[in-house]
């Protein structure tokens, strides 16, 4: 022990996608201070409330600190402490038993959003084990943008804030409140000070909407209609990039004829935005070159996700903003290990045909199983039975659509193991619970595999509690029990060494450097074309008929039909103080967001006799929850924003945590799914509201 304070540079993680460079002050193996690093590659000293509170995760008195085995009925909270050897052997024996009886496909490996390398080590374990089924939430996060990009232009078009843009369009991206896969607000705010014009598409008046030249307060769930109206204006007014369109796009004439059916005057009533505002915004984007679209996770939360993503990529393309500095670019990876080699994709060559969702005809290149189809396999054995699951960094009972169905699926598993840092509602249903180390307690690498062209060093800051282990280490140890030991390392630092080996850097050298970014190379299509069947940007998909996909983006109505019993539109947004359902137990964060709030326009609240702070019942045809009214002028009058991710760690009793009471996913359903990604409607749901 020493009283000396040492300073460690690292990057934030597990409070969102991470990316902010931090300076941690450490004394006696405790973090005593956190600051933003002014030399930060992405954040330039910026730090958010979640990062400031992040050390509390490590020292919370209720943190999981020992492996646990269920002793009573599932979900009744009866546990016994066991050793790590017993825990790992129990997981191995049960998953091996299920593999022997039903086949490797009957075991699912589940993760929430990627937090670090653990996601890719999990995929590696599944591949070596022989299961094609890695279940993740990519159907509502990342995949609609990434995979639609792969089919349309051959890459995932990410906004380039590292170079100046004449205009930026924030489409469903509240970038000052939530971190969109490393797209941190610092660089954009700097650009705005330099004169970059801003367009914001959001049903809510966000902080950035107040800074925008144009704010389009769109009706939730109509993003594809608005994007098609933008395309109509750009093409009808001949504002498109003629040279790029002529040389590098496929199907422009078909797209032009198609979008002639979507004039702003026709779309205005559907999207809830004046036609003149649609025209002005479209013209500003088209006439600003370069221009970037920072498209947020919100556009992926309805059954129309594919049409929306496709329409926006078409908009980027016809305006000549693909793979140019300050536009939407194909990021180039640094010299690191290829993702396919890291996860040992070579060991399961038929994976794409064997995954659960292949049976349901989803889009090619979707490489994680949508939760709705995972649950169907558990409950109905369609297309085959799934009987066991290993889960890490995820809380499906709160995060998957239709929480009652999720509960039934988890209860019907023969075996469930969960690794986490706290006893979540999902962990409470497990047979084995493993205490994970959390960020700051092990060496990690951030942003690998996310398509932004850089990786971030997350060196260890303090030691974890004695029996808490990094997920990478847990998976490495399980791998040795479940599969041939030759595929695994002495310890989890082997993954870091392997990933960095092409660069020639040790992990210590990489940590000193802080980050590694691929070289800037733009307009690669000038010599190599686009990695699509036509070699061009596919405004009309060449393989549409082959894959049973719509060849052109379209608008086929709002995600949910009007219903007189449910006259309002229900949506939600992420809470700036939490990561999905995580950290309601962190005191500093709970103080800032103490209870679930439903935001209602003041005039709408008056119609329903609702006052500020009233307990309210929000209902859809799928269920009801209670939250508290927050009256505001920042949301649409026809729209209700219910809080998402709420459970109550402080609640006591057999069921504990009251996961049903205010849980947004008690209001959602999986009965209607987008064909391409298996995406349910998480937004644009019809609802009603009343005082309790």
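Please treat every number below as a calculation from the coordinates, not as lab data. Just so it is clear, the structure is predicted and the values come from calculations on it, not from any experiment.
Worth a mention:
- Averaging the sequence gap over all C-alpha pairs within less than 8 Å and six or more residues apart, then dividing by the number of residues, gives segment 646-692 a relative contact order of 23 percent.
- For segment 568-691: rounded, prolate or oblate by the Cα gyration tensor [a/c cutoff 1.5]: oblate
- In degrees, nearest ten, helix 118-129 long axis to first principal axis of the chain (Cα): 70
- Computed over segment 529-617, Cα set: Rg, Dmax in Å: 22.3, 60
- Taking the chain and dividing mean pair separation by its residue count, relative contact order in percent (alpha carbons under 8 Å, at least six apart): 19
- Alpha-carbon centroids, segment 622-692 and segment 167-208: separation in whole Å: 26
- Calculated SAXS-style log₁₀ I(q)/I(0) at q = 0.18, 0.24 Å⁻¹ - segment 413-483, Debye, Cα scatterers: -0.86, -1.10
- Helix 223-236 vs. the chain, principal-axis angle (Cα, 0 to 90°, nearest 10): 40
- Separation of segment 226-302 from segment 35-93 is 45 Å, based on Cα centroids.
- For the chain, the longest principal axis of the C-alpha atoms and the axis of helix 403-412 are separated by about 40°.
- Alpha-carbon gyration tensor eigenvalues x 5, square-rooted, for the chain, Å: 37, 30, 27
- Gyration tensor verdict on segment 362-472 (Cα atoms; rounded if a/c is under 1.5, prolate if a/b is larger than b/c, oblate otherwise): oblate
- Contour excess over end-to-end distance, with Cα ends at residue 28 and residue 62 and 0.36 nm allotted per residue: 10.1 nm
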